[in-house]
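Read through the structure below, which is laid out as structure tokens, and then see the notes.
The values are calculated or read from the model by the stated rules, or taken from the named source; none is laboratory data. Because the structure is a prediction, the values reported are computed rather than measured. With ideal geometry, Cβ positions are generated from the backbone for all residues, glycine too; neighbour counts draw on all protein chains shown. For the accessible areas, the whole protein counts, side chains as well, though only heavy atoms, and no ligand, DNA or RNA atoms are used. Shrake-Rupley method; radii C 1.70, N 1.55, O 1.52, S 1.80 Å.
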Amino acid sequence: MATAAAFLPATPTPRPRLAASFPSSRHLSPIFAGATEAASSSSEDAGDIDEAATRGGGGKDRRRAVRIAWEKLVRWSRSWRRRNRSDVLETTRKVVVLGGGSFGTAMAAHMAAKKADLEVAMLLRDDHICQSINQSHVNCKYLPEHRLPENIVATTSAIDALTGADFCFHAVPVQFSSSFLESISTHVDPKLPFISLSKGLELNTLRTMSKIIPKALGNPRQPFIVLSGPSFAVELMNKLPTGVEIAGALKNVLAIAAGIVEGMHLGNNCMAALVAQGCSEIRWLATKVAEGVSTAGAVIALAQKYNVKMPVLTAVARIIDNELTPKKAVMELMNLPQVEEV
């Protein structure tokens, strides 16, 4: 579920995202991105940054510019989250997950852990797995080493699983999706939003899930979206960072960020997303600055001069200066919102 590196203007516009409603995974997560608006800050701070960026120097001026840039990014991120916090998760009472494979199980666990009183129903075909989940809180076939939240209920009854559901996660393998959905179509509310986790093309027909789901349900207007992002079931289960976009950095600084990800054992998913977004940030800065840059401090100065916000790059510069721990940087960066792709 990899996202393409996007060419973005210097001041893109934030967009709503699934991860805002279903903290990731998106989803799910989460997710880093270049910032769009600076959080409100004093003119004195702005002047400090501009002055340090103009000098482009090392030492105190550079470190001060990096510190101020990071603080502004954090303030902006928190302000954006406060303004755009969705109440979807708060008002959701029940979700259903179709399929009990590794990713369906991981997503069910992820959702159940987000809200203790959320009912997560897993619709399966295997009575033995249902019994294992309901009695022992483990999927005896997939990811058996992980204990599942107790608010997950497994069933083979489509009517029990689907009744009262606010959202439906489709995690059935593509090749079996048509027949499975046709068998439960009479129990599916025509307004029930489907969130597809399945990836691939149907053999012979070469149809994607966006074609398979409405056709199998007999409802061309069935609400449908695709959850995307580089994700592995075991990494989602282990609560490792996941999502569509993660802010990267220029080549040499990106290598430092990659080393930090490796050293913190954040997994291949996080590494892949970091590298993908790194290519995007190179393009962002390239739209304003043609010449190459070689140090994190110099890039920060250029980014400030041309009003290009680079969260991961700024974080790396602060880590190098021993002013920010890698763990704190990752936690802050994972909460940055997405931006519109162009």
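Do you know which residues across the range 176-192 are open to solvent by less than 40 Å² (accessible area, probe 1.4 Å) and assigned to a loop (DSSP other than H, G, I, E, B)? It would help to see each step written out before you state the result.
Here is the first cut: in the range 176-192, the ones open to solvent by less than 40 Å² (accessible area, probe 1.4 Å) are 177-178, 180-181, 184-185, 188, 192.
Listed by number, the residues that qualify are VAL188, LEU192.
Taking the condition touching an Asp or Glu at 6+ places or on another chain (Cβ under 9 Å), among the small types (Gly, Ala, Ser) and part of a helix (DSSP H, G or I), does ALA161 pass?
Details: touching an Asp or Glu at 6+ places or on another chain (Cβ under 9 Å): no; among the small types (Gly, Ala, Ser): yes; part of a helix (DSSP H, G or I): yes.
No; evaluated as a whole, the condition is false for this residue.
For ASN219, only one of the following conditions fails: (1) at positive phi; (2) in contact with a Pro (Cβ under 8 Å, 6 or more places away or on another chain). What is its number?
Every listed condition holds for ASN219 apart from (1).
Hey, GLY229 hits all of (1) touching a Gly at 6+ places or on another chain (Cβ under 7 Å); (2) modelled with pLDDT of 90 or more but one; which does it fall short on?
Result: GLY229 fails condition (2) only.
Search the range 144-193 for residues being over 15 Å from LYS94 (Cβ atoms) and of a type in the set (A, V, I, L, M, F, W, C), and hand back the single one that is nearest to the chain's Cα centre (by Cα).
Taking the candidates together, the pick is ALA171.
Being open to solvent by 20 Å² or more (accessible area, probe 1.4 Å), basic (Lys, Arg), closer than 29 Å to LYS239 by Cβ and part of a loop (DSSP other than H, G, I, E, B) is true for just one of ARG207, ARG147. Which residue is that? So that I can check it myself, show each step before the final result.
Working: ARG207 fails: closer than 29 Å to LYS239 by Cβ.
The unique qualifying residue is ARG147.
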